[in-house]
Structures are given as C-alpha cells and as structure tokens.
1. Could you check the stretch 47-102 and list, in sequence order, the residues that are surrounded by 14 or more Cβ atoms within 10 Å (Cβ to Cβ), over 19 Å from Arg162 (Cα atoms) and small (Gly, Ala, Ser)?
2. Can you find a residue that is surrounded by fewer than 22 Cβ atoms within 10 Å (Cβ to Cβ), more than 11 Å from the chain's Cα centre (by Cα) and within 20 Å of Asp165 (Cβ to Cβ) anywhere in the stretch 108-131?
3. Taking the stretch 19-43, which residues are within 14 Å of Glu150 (Cβ to Cβ) and touching a residue at least 60 places away in the same chain (Cβ under 8 Å)?
4. Report every pair of residues separated by at least 6 positions or lying on different chains whose Cβ atoms are under 9 Å apart, first residue within the stretch 46-73 and over 15 Å from Glu31 (Cβ atoms) and of a type in the set (S, T, N, Q), second modelled with pLDDT under 95 and surrounded by fewer than 11 Cβ atoms within 10 Å (Cβ to Cβ).
5. Which residue is nearest to the chain's Cα centre (by Cα), if the candidates are limited to the stretch 145-164 and must be in contact (Cβ under 8 Å) with a residue 60 or more places away in the chain, surrounded by 16 or more Cβ atoms within 10 Å (Cβ to Cβ) and more than 15 Å from Gly40 (Cα to Cα)?
6. Sort through Arg45, Arg71, Arg81 and tell me the only one that's of a type in the set (D, E, K, R) and farther than 20 Å from His130 by Cβ.
Amino acid sequence: MTNAENLRLLPRAEALDLFAGLPAPTPPAGEYAGHIPAYGEPAWRAFLAEAGIGHWLGKGYADGHGYNVYRTTTGLVRRLRFAWSFGTSSLDGRPALLMQYSAFPNWAGAQDLTDELREAAPGLLLGLYHTREAVPGFTPRAGQGRSEPEIFILEGPIAAARPADRD
C-alpha cells in the first residue's frame with residue numbers, strides 16, 4: 001500500500017525511479033500537507049532554520065498558481081508563490097505538473113526553483129524540486145546546468161486554498 005510514510009522512507013534513488021513511472025496528477029486544488037523524505041530531513045530543517053523561513057507544512061493550489069505554507073513563530077504564513085501548468089519533466093521528458101517560482105518576485109524565483117509533481121496514489125503526490133544552478137542545499141546535476149532533483153511528498157487536499165500572504 002502506498003502512503004506518505006512509505007514514500008518518506010524510500011531511499012532517494014528508489015523515489016526517483018518511482019517518480020519516473022508515475023502519471024501526471026489531475027489538477028490539484030486546495031492545501032496539501034507536505035513531507036520531506038527521511039534521508040533529507042536533517043539537511044532540510046537546517047536549511048529552513050538558517051534561512052529563517054519557518055517550518056514547511058505543505059503547498060496550496062488554486063487555478064494556475066499556488067504557494068507554500070510555513071509555521072513561523074507568529075503563526076501560519078502562506079508565501080513563496082508559484083505558477084503551475086502541465087509540461088514535461090526534466091527527469092524523463094514525460095508529462096508532469098510543473099511549478100515555476102520565477103513567475104513571482106521571491107528568492108525561489110530568483111534561483112529558478114522548479115517543482116514537478118506526479119500522482120503516486122489518489123490524494124498522494126510525489127514531487128521533485130531543482131534549481132537553475134547548484135545553490136546551498138542543492139547538488140549540481142552532472143552534465144547539466146540545473147541542480148540534482150530532490151524529493152518531497154504532498155498529501156491531500158486537507159483544506160481549501162486561501163490567498164497567499166506574500167510572494
């Protein structure tokens with residue numbers, strides 16, 4: 001049975017192989033709980049703490065755009081907006097939902113952060129993220145300009161989408 005915890009426990013190579021065999025999702029709507037793989041969680045938490053962003057809780061989706069949800073010392077914040085559309089994955093050239101942060105003026109857009117999603121099971125999405133070039137926390141992709149993809153997992157929707165607080 002595929003669930004978020006099973007995906008979280010996969011080694012990186014197995015998660016990438018799984019992603020390559022999955023279909024593009026139906027258009028997401030609402031807020032989704034986010035999970036980071038166990039192998040990458042310590043580095044992810046250190047990156048967020050150093051950046052002062054807060055604790056990542058997931059993503060929200062409305063028609064053609066979305067945002068990330070963070071818990072901060074002042075409460076929940078919806079920021080780091082992105083535009084989304086269907087396109088081809090940089091991993092294998094097959095259909096995926098792509099999220100482009102460069103559509104909005106934020107630090108992730110400045111790094112050309114791109115997320116890609118595929119459906120692992122109903123209500124369970126397996127995602128990749130990568131940047132234009134290797135930045136702290138991102139490993140260069142051999143022979144290409146972009147960073148190596150890393151994994152995230154979304155589960156839901158768990159709530160209706162809301163307006164983002166800021167880009």
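The values are calculated or read from the model by the stated rules, or taken from the named source; none is laboratory data. Being a predicted model, the structure only gives us computed values, none of them experimental. Every residue, glycine as well, gets a Cβ built from its backbone with ideal geometry; the counts of neighbours run over all protein chains shown.
1. Gly87, Ser89, Ser90, Ala96, Ser102
2. yes
3. Listed by number, the residues that qualify are Phe19, Gly34, His35, Ile36, Pro37, Gly40, Ala43.
4. Pairs found: Thr72/Gly52.
5. Leu154
6. Numbers: Arg45 fails: farther than 20 Å from His130 by Cβ; Arg81 fails: farther than 20 Å from His130 by Cβ.
Sole residue among the options that is of a type in the set (D, E, K, R) and farther than 20 Å from His130 by Cβ: Arg71.
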